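Enquirer: One structure, pasted below without further comment.
The values are calculated or read from the model by the stated rules, or taken from the named source; none is laboratory data. Note that the structure is a prediction, hence the values are computed from the model and not measured. No Cβ is skipped: glycine too gets one built from the backbone with ideal geometry, and neighbour counts run over all protein chains shown.
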Amino acid sequence: MEPTALTLVSALITEAHTRFGVHDVEAVLVPGDLLDGAMDHVLSVGGEVGLDSCVVDRVEVRGLPDGETVPAAVVRGHDAPLPLTG
């Protein structure tokens with residue numbers, strides 16, 4: 001069985017929390033197709049969805065910038081997003 005977009009996003013959030021600290025992760029950036037799937041699920045359960053982001057596990061999830069393919073975390077105290085292995 002294929003993991004759902006929400007499962008994959010939750011795993012990335014868990015990785016970010018583990019590596020950078022729960023209180024320091026401001027957002028997780030994911031590929032557009034993964035964001036779309038997560039947004040659909042969050043919307044279907046009445047969660048928080050914006051025009052180009054949603055909230056999963058109390059973390060904002062946004063799309064990666066154009067040309068980027070590696071999920072990343074926006075971490076307090078860092079100027080650039082930090083890559084996640086996913």
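Enquirer: Taking residue 74 as the residue in question, decide whether it is under 18 Å from residue 3 (Cα atoms) and either touching a Ser or Thr at 6+ places or on another chain (Cβ under 8 Å) or not polar (S, T, N, Q) (or both).
Expert: For residue 74, the condition - under 18 Å from residue 3 (Cα atoms) and either touching a Ser or Thr at 6+ places or on another chain (Cβ under 8 Å) or not polar (S, T, N, Q) (or both) - is not met.
Enquirer: Something else now. When you scan the chain for strands (runs of 3 or more DSSP E) that lie fully inside it, which ones turn up with 2 or more residues that are modelled with pLDDT under 95, surrounded by fewer than 19 Cβ atoms within 10 Å (Cβ to Cβ) and not hydroxyl-bearing (Ser, Thr, Tyr)?
Expert: Because the criterion is at least 2 residues that are modelled with pLDDT under 95, surrounded by fewer than 19 Cβ atoms within 10 Å (Cβ to Cβ) and not hydroxyl-bearing (Ser, Thr, Tyr), no strands (runs of 3 or more DSSP E) in the chain meet it.
Enquirer: Could you check the stretch 1-20 and list, in sequence order, the residues that are aliphatic (A, V, I, L, M) and farther than 13 Å from residue 42 by Cβ?
Expert: 1, 8, 11, 12, 16
Enquirer: May I pose another question? Kindly list, by first and then second residue, each pair from a residue in the stretch 16-34 that is among the hydroxyl-bearing types (Ser, Thr, Tyr) to a residue that is assigned to a helix (DSSP H, G or I), limited to pairs with Cβ atoms under 7 Å and residues at least 6 apart or on different chains.
Expert: Once the first residue is among the hydroxyl-bearing types (Ser, Thr, Tyr) and sits in the stretch 16-34, no partner that is assigned to a helix (DSSP H, G or I) comes close enough.
Enquirer: Across the stretch 3-21, what is the total count of residues that are in contact with a strand residue (DSSP E or B) (Cβ under 9 Å, 6 or more places away or on another chain) and within 17 Å of residue 81 (Cβ to Cβ)?
Expert: 9
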